[in-house]
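Data first, discussion second: the structure below is written as structure tokens.
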Amino acid sequence: MAAKGSGKDPGPTASNKILDAALTLFLTRGYPSTTVDTIAHEARVAVQTVYFSFRTKANILKQLVDANVNATGDTPTPTSQHAWINDALAEPDPGRQLEIQIKATASIHRRTAPLLNVLLRASDTDPAVAELWKTNQEKRRTLQHQLVTALRRKGGLPPNMRLRQAVDISYAMLGPELFYLLVTERRWSIAEWERWTLSVLRHELLHHNPDFN
């Protein structure tokens, strides 16, 4: 341990080493093939340290997702407290609201889409991970409901479109699954994904009003 007042960087904590090791292993080997023992070996810590710090492998994955959703990558921040959400809700122009949402979503998915793909694939094999995936889906859908409701209040939905349908469209288009497919697997650039997603959502949610095109 560095002496008090020495100004020396104490270096990464054991928890940080474990998270870094787990991230590498989850993304390269997959969740089921990664054991707590292999995480401990990669992190160069005792197996007991992994269990003491996180208790379960699923908790490691959860903390990784939470930390990467947070804009700073440091202490996890509840999604409801992200500044871009308030900006989107406060924006009076529906088209501009969509732009804010898409930019923020791209920034988040750039960090989280690979991890969320791990989460999705592992949800079929681990009940604890399945619950994490379900919770993540519910949070994302709740957020989209809030944002689409704001769009409707600003006059941004076709008059014959049900709110539930509009939420489904936004939820699917802005979900990590489609982002991962196009950006990670098909090698679209972030800018290409943003332009295409904005074009589709403008057409589906704002096309009825020429003022919003």
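Within segment 46-67, residues that are over 17 Å from GLU131 (Cα atoms) reach partners that are acidic (Asp, Glu) with beta carbons closer than 9 Å, at six or more positions or on different chains, in the pairs VAL47/ASP37; VAL50/ASP37; ALA67/ASP74. The residue that is most open to solvent (accessible area, probe 1.4 Å), counting only those in segment 150-170 that are more than 9 Å from LEU205 (Cα to Cα) and among the aliphatic types (A, V, I, L, M), is LEU163.
This table checks each residue for (1) part of a helix (DSSP H, G or I); (2) closer than 22 Å to ASN136 by Cβ; (3) at pLDDT below 95.
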{"residue": "LEU151", "(1), (2), (3)": "yes, no, no"}
{"residue": "ARG164", "(1), (2), (3)": "yes, yes, no"}
{"residue": "ILE169", "(1), (2), (3)": "yes, yes, no"}
{"residue": "LEU178", "(1), (2), (3)": "yes, yes, no"}
{"residue": "LEU182", "(1), (2), (3)": "yes, yes, no"}
{"residue": "LEU201", "(1), (2), (3)": "yes, yes, no"}
{"residue": "LEU205", "(1), (2), (3)": "yes, no, no"}
{"residue": "HIS208", "(1), (2), (3)": "no, no, yes"}
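Check segment 92-102 and report whether any residue there is assigned to a helix (DSSP H, G or I) and modelled with pLDDT under 95. Can you show your working first?
In the first step, residues of segment 92-102 are kept if they are assigned to a helix (DSSP H, G or I); the result is 94-102.
Still in the list and also modelled with pLDDT under 95: none.
No.
The values are calculated or read from the model by the stated rules, or taken from the named source; none is laboratory data. The structure displayed is predicted, hence computed values, not measured ones. Glycine also receives a Cβ, built like all others from the backbone with ideal geometry; neighbour counts cover every protein chain displayed. Just the protein is used for accessible areas: all its heavy atoms, side chains included, with ligands, DNA and RNA removed. Shrake-Rupley method; radii C 1.70, N 1.55, O 1.52, S 1.80 Å.
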